[in-house]
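Asks: Have a look at this one before I ask anything.
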C-alpha cells in the first residue's frame with residue numbers, strides 16, 4: 001500500500017476555455033509539509049480546492065487518504081471534507097457573534113457533536129486559554145488565526161490545508177503561527193499543504209513546489 | 001364492498017409484518033413463515049369461533065385478546081422506562097430473549113392470529129362448512145403470502161441504519177392491531193375503556209362520599225360540589241381513557257429517548273469519540289420514529305373509536321298518544337313493522353311531560369319495550385348497529401340478546417302486554433319510569449336529547 005496521502009495523475013481543472021490547472025502528477029507522502037508557491041493565477045488555490053474536496057476536477061485522477069474523490073457522491077465528498085480535511089484561510093471566516101470557543105465548537109457540531117471541554121483544550125493548546133469567551137472582533141489578527149488553527153485541527157484531520165494563512169499577519173505573528181503549526185504537526189502527525197507567496201513561510205515546509213500558469217515548473221526540497 | 005372493508009385491516013397487517021421484519025432482522029424466514037401461518041389460523045379460527053359460539057361470546061374473546069395485547073404493551077413500556085431510569089437494572093436477559101427464534105416466532109404468530117381474527121370479523125355471514133373453511137383458508141393464505149413477501153421487499157429497501165427497539169416494535173404492532181379493531185364497533189377498546197374510567201370515577205366518588213359522610217361534613221363547602229360534580233361527567237372518562245391509551249407509547253418514546261449512549265471514555269482521540277457519540281445519537285433518533293408512528297396510529301384509533309364510520313339505525317321517534325283507558329297501543333304492523341328486528345322509537349307526551357321509548361324484536365324473537373335511556377347515563381338515547389344497541393352517552397355496546405334485561409347501561413325495560421292488536425303500554429307507568437330515571441341521572445337539570 002502506498003504511503004502517499006495525495007496521489008494525482010493528469011489532474012486538470014478548466015473553467016470554460018481557461019485551464020486553471022494543467023495535467024498535474026503530484027505525490028505527497030503522509031506527514032509531509034508541502035508548500036505551494038506561484039504568482040497570482042498560477043493555479044495554487046485551484047489545486048487546494050481540488051485536494052480539499054471543495055471542487056471537482058475536469059480530468060485526471062485524484063486520491064486523498066485512499067479515497068478516490070472523483071468517485072465520491074456529493075454526500076461522500078461532504079463527509080470527506082468534514083472528517084479528513086482542516087482548512088485555514090487568509091480571512092479567518094469566523095462567526096462574528098460567537099465566542100472563540102463557540103466558533104471551535106461549531107466545527108465539532110458539523111462533524112459530530114459539540115464538546116466544550118475539548119474545544120477549550122484545543123484553544124489552550126494554541127495559547128488562547130485566556131481568550132475563550134472573546135468574540136473575533138476582540139482578538140488580534142494572530143489570535144484569530146490561532147482560533148482558526150484550533151478550529152481546523154479539532155476534528156483530527158489527516159490533511160491540513162492552508163491558503164495563505166499568514167497573508168494578513170505581521171512577521172512576529174507569522175512566526176508564532178508557523179511555530180504552532182510545526183508543534184501541532186509533530187504531535188498530531190497530519191500532512192500540511194500550504195499555499196503562500198512568502199518565501200520565508202514556504203521555508204517552514206519539507207518541500208516546495210512552484211506553479212506557473214497551471215503547470216508545476218519546479219520542485220525544491222528544504223534542508224532540515 | 002367486502003374487499004374495501006378489508007383494505008385497512010390488510011394494510012395494518014402489512015405494517016405489522018414490516019415492523020416485525022425490522023424488529024427481528026436476523027429471523028426474517030421465521031417471521032415470514034409464522035406470520036402467514038398465524039394470519040390463516042386467526043382468520044379460520046375466528047370464523048369458527050363466531051359461528052360456533054352464540055351471542056357475543058366470540059367477540060368478547062377476541063376483544064379480551066386485544067385487551068391483553070394492550071396490557072402487554074403496558075408491561076413492556078413500564079419495563080423499558082424502568083430499565084432506562086433504574087440504576088443497576090440489567091436487561092441482558094431480555095435482549096437475549098428477544099433475539100431468540102422462539103421469541104420472534106411467538107410474537108409474530110400471535111400478531112398474525114390477532115390480525116387474522118380481526119379481519120375475519122368483517123366477513124359476511126357464511127356457513128361454517130368444510131368447503132367454506134377450505135376456501136377461506138386458501139384465500140387468506142394466498143393474501144397473507146403476497147402481503148408478507150411485499151413487506152419483505154419493502155423492508156429490504158429501508159436503510160439499515162433505521163433500527164427498531166423491541167419496545168418500539170411492540171408499541172407499533174399493538175397500535176396497528178388496535179387501529180384495525182377500532183373500526184369494528186364490537187372489537188373497539190377505546191370507548192369501553194373510557195366508559196370504565198367514567199364508571200370507576202363515578203363509583204369511587206359515591207363510595208368515598210358515603211364512607212366519609214362528606215355531605216354533612218363541616219369543612220366541605222357547598223361550592224366544592226361543583227368541582228366534585230366534574231368527576232361525574234363524560235369528560236373524566238374521555239381524558240382518563242386518553243391517559244391510559246397513550247401512556248404506554250409515550251413511556252416507550254421516553255425510554256428510547258433516554259437510552260444510554262455507549263461508553264467512549266477509552267477512546268483517546270476526541271474526534272473519534274464524538275463521531276461514535278453522534279452515530280449513537282442518530283441511531284437513537286431513528287429508533288424514535290417507529291414509536292412516534294405508533295403514537296399517531298393510537299391517535300387515529302382513538303379518533304376512529306370516538307367518531308366511528310358506522311351508521312347507527314336511529315329513527316326519529318314517532319309521537320304516540322294514550323287511549324281513554326290510559327294505554328298506549330302500538331300496532332304490530334302499520335307504517336312500521338315492530339317485528340322487523342329494528343329498533344323503533346316513540347315519543348309519548350302528556351300534561352307537559354314526555355317519555356321516549358323504543359320497541360325491539362330481539363334475536364330470540366322476543367319483543368321488548370324499553371325507555372330510550374338507562375339508569376346511569378344522561379338520556380342521550382340508543383342507536384342500533386351490528387347486533388348491538390349503543391348508548392350514545394357512554395358508547396357502551398349492549399348486545400341485542402341482553403336488551404330487555406335491567407341493570408347497568410342497559411335500556412330500562414318497561415312492562416307491556418302483547419295482544420292481537422299490538423303492544424299495550426300503561427301510559428302512567430311509562431311517564432313515571434321516565435321521570436324517575438331522568439331525574440336520577442340528570443338531577444332534573446337536563447332532559448337529554
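Any read-out appearing in this document is the output of simple, stated calculations on the displayed coordinates, not a laboratory observation. In this text, all values refer to a predicted model and were calculated from it rather than measured experimentally. Here the Cβ is made from the backbone with ideal geometry for all residues, glycine too, and neighbour counts use every protein chain on show.
Asks: Compare A:53, A:137, A:205 in a GNM of chain A, Cα atoms joined below 10 Å, and give the one with the largest fluctuation.
Replies: A:137
Asks: Need the C-alpha centroid separation for the range A:198-218 versus the range B:378-429, integer Å.
Replies: Comparing the Cα centres of the range A:198-218 and the range B:378-429, I get a distance of 99 Å.
Asks: What is the Cα coordinate range of the range A:73-157 on the first, second and third principal axes, sorted by size from largest, in whole angstrom?
Replies: Each principal axis gives a Cα extent; for the range A:73-157 these are 40, 27, 21 Å.
Asks: On to the next question. I'd like the orientation of helix B:190-212 relative to chain B: the angle between its Cα long axis and the longest Cα principal axis, in ° from 0 to 90, rounded to 10.
Replies: That works out to roughly 70 degrees.
Asks: Oh, and also: Pick from B:251, B:50, B:231 the residue whose mean-square fluctuation is largest in a GNM of chain B, springs joining Cα atoms under 10 Å.
Replies: B:231
Asks: Scale the Cα Rg of the range A:37-88 by the rule-of-thumb value 2.2 N^0.38 Å and send over the ratio, two decimals.
Replies: 1.16
Asks: Another question, then. What do you get for the angle between helix B:270-287 and the principal long axis of chain B? Use alpha-carbon atoms, 0 to 90 degrees, nearest ten.
Replies: Here the helix axis deviates by roughly 30 degrees.
Asks: Evaluate the relative contact order of the range B:318-442 (contact order divided by residue number), counting alpha-carbon pairs under 8 angstrom at least 6 apart; express in whole percent.
Replies: 26
Asks: Order these by the 10 Å Cβ neighbour count, fewest first: A:27, A:130.
Replies: In order of increasing Cβ crowding within 10 Å: A:130, A:27.
Asks: While we're looking at this one, here's another question. Determine the equivalent ellipsoid of the range A:143-222 by diagonalising the alpha-carbon gyration tensor, then write out the semi-axes as square roots of 5 times the eigenvalues, largest first, rounded to whole Å.
Replies: Listed largest to smallest, the semi-axes of the range A:143-222 are 21, 15, 12 Å.
Asks: Something else now. Rg/Rh for the range B:2-188: what does it come to with C-alpha atoms and Rh from Kirkwood?
Replies: Ratio of gyration radius to Kirkwood radius: 1.00.
Asks: Then there is this: At a Förster radius of 45 Å, what calculated FRET efficiency corresponds to the Cβ-Cβ distance of residue A:9 and residue B:85, to the nearest 0.05?
Replies: Using R0 = 45 Å, I get an efficiency of 0.20.
Asks: Please say if the range A:1-51 is rounded, prolate or oblate, where rounded means a/c under 1.5 for a ≥ b ≥ c the square roots of the C-alpha gyration tensor eigenvalues, and otherwise the choice is prolate for a/b larger than b/c and oblate otherwise?
Replies: It is oblate, given that a/c is not under 1.5 and a/b is not larger than b/c.
Asks: Okay, next question. For a paramagnetic label modelled at 7 Å from the Cα of residue A:59 toward its Cβ, which residues of the range A:1-38 fall within the zone defined by backbone nitrogen distances under 17 Å?
Replies: A:8-26
Asks: Starting from the Cα coordinates of the range B:400-440, work out the convex hull volume and express it per residue in Å³.
Replies: Per residue, the Cα convex hull of the range B:400-440 comes to 79 Å³.
Asks: Another question, if that's okay. With no solvent and one point per C-alpha, what does the Debye sum give as log10 I(q)/I(0) for the range B:1-95 at q = 0.10, 0.13, 0.15, 0.16 Å⁻¹?
Replies: For the range B:1-95 at q = 0.10, 0.13, 0.15, 0.16 Å⁻¹, log10 I(q)/I(0) is -0.43, -0.69, -0.87, -0.95.
Asks: A follow-up question, please. Calculated FRET efficiency, residue B:3 and residue B:310, Cβ-Cβ r, R0 22 Å, to nearest 0.05?
Replies: Step by step, r from the Cβ atoms, then E = 0.75.
Asks: What share of all Cα pairs of the range B:318-442, in percent, falls into each consecutive 5 Å distance bin?
Replies: Final binned percentages: 2, 12, 23, 25, 20, 13, 4, 1.
Asks: Give me the percent of Cα-Cα pairs in chain B that sit more than 44 Å apart, rounded to a whole number.
Replies: Beyond 44 Å sits 28 percent of the P(r) for chain B.
Asks: I need the fraction of alpha carbon pairs in the range B:225-380 separated by more than 21 Å, rounded to a whole percent.
Replies: Within the range B:225-380, distances greater than 21 Å cover 70 percent of Cα pairs.
Asks: Further question: In whole angstrom, how far apart do the alpha carbon centroids of the range B:240-263 and the range B:169-186 sit?
Replies: Cα centroid to Cα centroid, the span is 18 Å.
Asks: Going by how many other Cβ atoms sit within 10 Å of their own, how do B:374, B:103 line up, fewest first?
Replies: Going from sparsest to densest Cβ surroundings: B:103, B:374.
Asks: Another one. Any idea what the relative contact order of chain B is, in percent, if you count C-alpha pairs under 8 Å spaced at least 6 apart?
Replies: 15
Asks: Still on this structure, please answer the following. Return the Rg/Rh value of chain A, two decimal places, where both radii are evaluated on C-alpha atoms and Rh is the Kirkwood radius.
Replies: Using Cα coordinates only, the ratio equals 0.96.
Asks: Which residue, B:361, B:250, B:102, has the most motion in a Gaussian network model of chain B that connects Cα atoms within less than 10 Å?
Replies: Answer for the Gaussian network model of chain B: B:102.
Asks: Follow-up. Enter the angle in degrees (range 0 to 90, nearest 10) between the Cα long axis of helix B:28-52 and the first principal axis of the Cα atoms of chain B, meaning the one along which they spread out most.
Replies: The two axes meet at around 10 degrees.
Asks: Can I ask one more? How much FRET efficiency would the formula 1/(1 + (r/R0)^6) give for residue B:228 and residue B:325, where r is the Cβ-Cβ distance and R0 is 30 Å, rounded to 0.05?
Replies: 0.05
Asks: Also, I was wondering about something else. Taking neighbour counts of Cβ atoms within 10 Å as a proxy for exposure, in what order, fewest first, do B:14, B:162, B:190 appear?
Replies: Listing B:14, B:162, B:190 from fewest to most nearby Cβ atoms yields B:162, B:14, B:190.
Asks: Quick check: the distance between the Cα centres of the range B:97-148 and the range A:36-61, to the nearest angstrom?
Replies: 64
Asks: Once all Cα-Cα distances of the protein assembly as shown are split into 10 Å bins that start at 0, what whole-number percent is in each one?
Replies: The calculated distribution, bin by bin, is 3, 12, 15, 14, 12, 12, 10, 8, 7, 5, 2, 1, 0.
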